[in-house]
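Let me begin by presenting the structure, written as structure tokens, before commenting on it.
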Amino acid sequence: MPKDTLMFKGMEPGLVSQRFGVNPLPYQPNGHTGLDISSKYATFLCAPADCIVEKIVRAENFSEDLAPLSYGYGINMKSIALPTVHYLFWHCLPNFPVKEGDSVRRGQIVAHMGNSGFVVYFGQRVPVEIQAKPPYPGTHVHY
């Protein structure tokens with residue numbers, strides 16, 4: 001993994017739990033649309049580059065349509081150096097130490113790894129009612 005995309009301390013290729021484009025399943029008919037990386041629940045997630053926080057997805061951001069929350073809580077950041085490049089983290093915890101419009105530096109904490117939204121662990125969907133209970137099954141970040 002290139003050094004400029006390091007998202008958290010201790011991140012390494014062995015923590016990738018699902019790669020981009022693999023595993024076409026009924027809920028992913030065109031394959032997986034991101035890279036899933038596992039670590040401990042509440043691991044600090046850092047900006048992979050200098051960015052602007054464009055969007056933070058939480059329940060209070062929506063009035064009627066909660067469909068985007070099927071991916072869990074998330075943050076979308078736009079690169080300052082390469083404005084067509086966006087970084088997106090899904091399945092975060094709902095507390096974000098930044099807000100929309102903030103400029104963040106590479107390595108700055110922007111979110112915490114969680115298991116919010118539609119999460120599968122060892123082939124089984126993790127019910128919402130147990131996501132926030134130890135051992136926090138399915139904890140990962142979708143990048």
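Which order do you get for Tyr71, Tyr87 if you rank them by accessible area with a 1.4 Å probe, largest at the top? Numbers along the way, then the final one.
Working: Tyr71 125, Tyr87 25 Å².
Accessible-area ranking of Tyr71, Tyr87, largest first: Tyr71, Tyr87.
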With the contact rule set at Cα under 8 Å and sequence spacing of 6 or more, what percent relative contact order holds for the range 71-143?
-> 32 percent
At Ile109 and Arg125, where each label point lies 7 Å from the Cα along Cα→Cβ, what is the point-to-point distance in nanometres?
-> 3.3 nm
Taking H placed 1.01 Å from N in the peptide plane, check which residues at least 5 places from Lys55 or on another chain put their amide H under 5 Å from its amide H.
-> Asn76
Local electrostatic count at Asn115 - Lys and Arg +1, Asp and Glu -1, tallied over other residues with Cβ under 14 Å | +1
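The values are calculated or read from the model by the stated rules, or taken from the named source; none is laboratory data. Because the structure is a prediction, the values reported are computed rather than measured. Note that each Cβ is placed from the backbone with ideal geometry, even for glycine, and that neighbours are counted across all protein chains shown. Accessible surface areas use protein heavy atoms only, side chains included; no ligands, DNA or RNA. Shrake-Rupley method; radii C 1.70, N 1.55, O 1.52, S 1.80 Å.
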